[in-house]
């Protein structure tokens with residue numbers, strides 16, 4: 001490979017009339033083209049590996065695992081697509097039947113599904129009220145078929161009882177569960193809301209000198225609870241850098257959290273503030289209300305810790321009583337043989 005060094009540092013030529021260094025440069029053009037082609041092929045390979053998300057192409061095991069992951073993701077996508085088509089067909093059939101949801105109930109269920117971010121198992125897409133209703137009706141149909149089999153196989157009254165209980169439970173329990181989960185989320189949001197408001201209270205008293213979006217982003221860096229984080233993300237999405245703290249943005253936030261009183265009062269005050277109204281008394285009253293809420297949360301947490309401590313002390317006392325009782329018992333036993341006879345060993 002001596003010719004490579006001579007490309008950059010020509011040797012002394014004893015025959016000046018024949019410049020061999022320039023000739024060697026022309027002779028190396030083919031090798032340079034070959035090297036450029038190799039680099040282009042290598043770049044194309046890495047680009048393709050990046051598109052296919054193959055992270056470890058250095059070993060055959062890593063390459064095979066990456067390829068397997070790609071095919072499994074494609075198979076999963078096909079399963080999700082086929083499941084969505086099945087759900088849409090069932091939903092369309094139910095919506096065209098007498099089991100379709102009325103408008104008021106559709107709005108009621110959609111709000112809860114949106115807040116809880118409900119999805120079908122293995123499917124990242126969020127469901128709506130019509131799909132929820134279709135799934136419930138499909139389960140009712142399965143329960144009725146099972147009850148018919150029980151009527152013929154076991155007894156008429158048993159099958160009838162299973163059918164009636166299944167229809168009633170499937171009509172009420174899922175909605176009760178949604179409401180229970182939503183109340184837990186609301187309690188979490190209400191418990192953590194005072195901390196956020198106390199941070200922006202004096203900025204609102206100063207006629208909103210600090211943009212609300214900046215305060216939201218600053219508070220998000222403190223890692224608030226999950227539901228509070230989702231609330232602030234929703235606020236940041238509606239307000240943004242361009243929309244601003246307009247009445248329209250506040251109405252959208254209030255619609256998404258319509259059953260949380262603190263959020264409704266907060267959006268009302270911010271809307272009035274940017275409409276030019278004097279809301280000093282309202283802000284002070286809201287601050288007092290949230291302070292009381294904060295005291296209630298602290299009191300509730302303290303009582304819960306006291307209950308846990310009391311339960312732990314009860315268990316400790318029970319163990320101590322057993323130990324003391326055994327010690328007293330063995331003090332009155334004259335020898336080990338008596339203990340054996342007493343315990344039957």
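The values are calculated or read from the model by the stated rules, or taken from the named source; none is laboratory data. Every value quoted in this text rests on a predicted model; they were computed, and no experiment measured them. Don't worry about glycine lacking a Cβ; one is built from the backbone with ideal geometry, like all the others, and counts go over all protein chains shown.
Of the residues that sit in region 111-138 and are at negative phi and exposed (fewer than 13 other Cβ atoms within 10 Å of the Cβ), which one is modelled with the highest pLDDT? Only one residue fits best here, namely 119. Within region 166-177, the only residue that satisfies the criterion of being surrounded by 13 or more Cβ atoms within 10 Å (Cβ to Cβ) and either without any contact (Cβ under 8 Å) to a residue 24 or more places away in the chain or under 16 Å from residue 222 (Cβ atoms) (or both) is 169.
Quick one: which of 212, 185 is modelled with pLDDT of 90 or more and under 27 Å from the mean Cα position of the chain (by Cα)?
On inspection, the qualifying residue turns out to be 185.
Could you please find all residues in region 178-231 being on the phi > 0 side of the Ramachandran plot and crowded, with 18+ Cβ neighbours inside 10 Å?
Within region 178-231, no residue meets the criteria.
Does region 243-260 contain at least one residue that is surrounded by fewer than 15 Cβ atoms within 10 Å (Cβ to Cβ) and touching a residue at least 40 places away in the same chain (Cβ under 8 Å)? Yes, there is a match, as at least one residue in region 243-260 is surrounded by fewer than 15 Cβ atoms within 10 Å (Cβ to Cβ) and touching a residue at least 40 places away in the same chain (Cβ under 8 Å). Kindly indicate whether residue 162 is in contact with a helix residue (DSSP H, G or I) (Cβ under 6 Å, 6 or more places away or on another chain), modelled with pLDDT under 85 and over 22 Å from residue 132 (Cβ atoms). So residue 162 passes the test.
In region 41-50 there is no residue that is modelled with pLDDT of 85 or more, assigned to a helix (DSSP H, G or I), surrounded by 13 or more Cβ atoms within 10 Å (Cβ to Cβ) and over 27 Å from the mean Cα position of the chain (by Cα). How many residues are outside any helix (DSSP H, G or I) and modelled with pLDDT of 90 or more if we restrict to region 260-279? Going through region 260-279 one residue at a time, the tally reaches 1.
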